[in-house]
Every structure is written in structure tokens, then in C-alpha cells.
Amino acid sequence: MKRIIILFFIFITTIVVGQVPGNNLRKSFSDMKKSFPQMEYGWTEDGKAYYTYQENDNYHKYTYYFVFQNNMVWSESLMVESLGIIPDAAYIWFVTTAEHFFSKSDWQKSDMDASIIQAANVFNKDYRVVWANKFSAELDYSNFLIYFRYNPDSKTSTISYFMR
């Protein structure tokens, strides 16, 4: 059963993240409203408009955060929280996301209960690993940054994309 759950999370992560990480950066506000019709306005600050969107599946609560500047997505984040059905579901989501990204670089995964990954600041053809530790990492692509982390206190995982 545990293997089925982990395979499910790997499958979902692969769809969400893709080979080169898919994202909504530079998409127009009208395109985003089509994809996320229930997107809610939060506030405007320094010429940037902040929106959120939430959805659930059987295991997680997903909260999307979008920042628009000049009518296009400037940054986006996805926060994953466990609904309590599977203990540590957000942590499992984080681990499968990390495994997906780092299997394509010189990172090495170690035991899940120890350190998730041990990293060297190495280059590969797609991105540079800026830094990493047990619960977070930053990857530098040519036109955007990716930051992701697991917060053991709140038991949430977050992946964020930032335009250059």
C-alpha cells in the first residue's frame, strides 16, 4: 500500500512539474482567469496584484499564490498541506518533488528519514543548484528561479517560481 501511495505521488509530481518545470510565469491575467476561474483577489502592493486559488483532493489541500505585474504572472507558489488521511502527506509530496528534480542533476538522495538530499553546487545543462539542505533548495534556471521547501512545524510543502 505504501508503494502505491508513493507511486501515486511520483505520478502527480511528474505531471505537475514536468521534465523542464512547467509554470505559469508570463501568462496573462485573462489566461490565468480561464485556468483558475475561482482565483480570488487578495491585495495590491508596489504595482503588483496578489491572487490566491484553493482546491483539495482526497489527501491534500492545494493553495496557489499568483503575483501579477503588468498584467502577467510575475511569480507563483503552490503550498501543499496534508488533510490528515495519510500521515506526512505534504512531506511525501516534498520528497517526490525533490527526487524528480534532483534525479536529473548531481544530487544524491539518501534515506528519507535522514537527509533528503546531499548537494554540491554543481551545474548541469538546465540549471544550477544554488543551495540545498534537508528541507529546502533553490534552483537557478536561465530565466527564472525555483525555490521549494518543507516546513516541519506547519507540515506544509511549498514550491515557488520567480521570474527574472
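The values are calculated or read from the model by the stated rules, or taken from the named source; none is laboratory data. Just so it is clear, the model here is predicted, and its values are computed rather than measured. Neighbour counts are summed over all protein chains in view; Cβ atoms, including those assigned to glycine, are modelled from backbone coordinates with ideal geometry.
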Next item on the list: Among what's in the range 42-53 and is surrounded by 10 or more Cβ atoms within 10 Å (Cβ to Cβ) and out of contact with any Asp or Glu (no Cβ under 8 Å at 6 or more places or on another chain), pick the residue that is farthest from MET163 (Cα to Cα).
Entry: GLY42
Next item on the list: Kindly indicate whether any position in the range 61-79 is closer than 28 Å to ASN143 by Cβ, acidic (Asp, Glu), in contact (Cβ under 8 Å) with a residue 24 or more places away in the chain and not in a helix (DSSP H, G or I).
Entry: yes
Item checked: Candidate set: the range 54-76, residues that are out of contact with any Asp or Glu (no Cβ under 8 Å at 6 or more places or on another chain) and more than 17 Å from THR44 (Cα to Cα); chosen: the one surrounded by the most Cβ atoms within 10 Å (Cβ to Cβ) -> TYR59
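Do we have SER154 as assigned to a loop (DSSP other than H, G, I, E, B), surrounded by fewer than 19 Cβ atoms within 10 Å (Cβ to Cβ) and modelled with pLDDT of 80 or more here? Quick ask: steps written out before the conclusion?
Numbers: assigned to a loop (DSSP other than H, G, I, E, B): yes; surrounded by fewer than 19 Cβ atoms within 10 Å (Cβ to Cβ): yes; modelled with pLDDT of 80 or more: yes.
Yes: the conditions hold for SER154.
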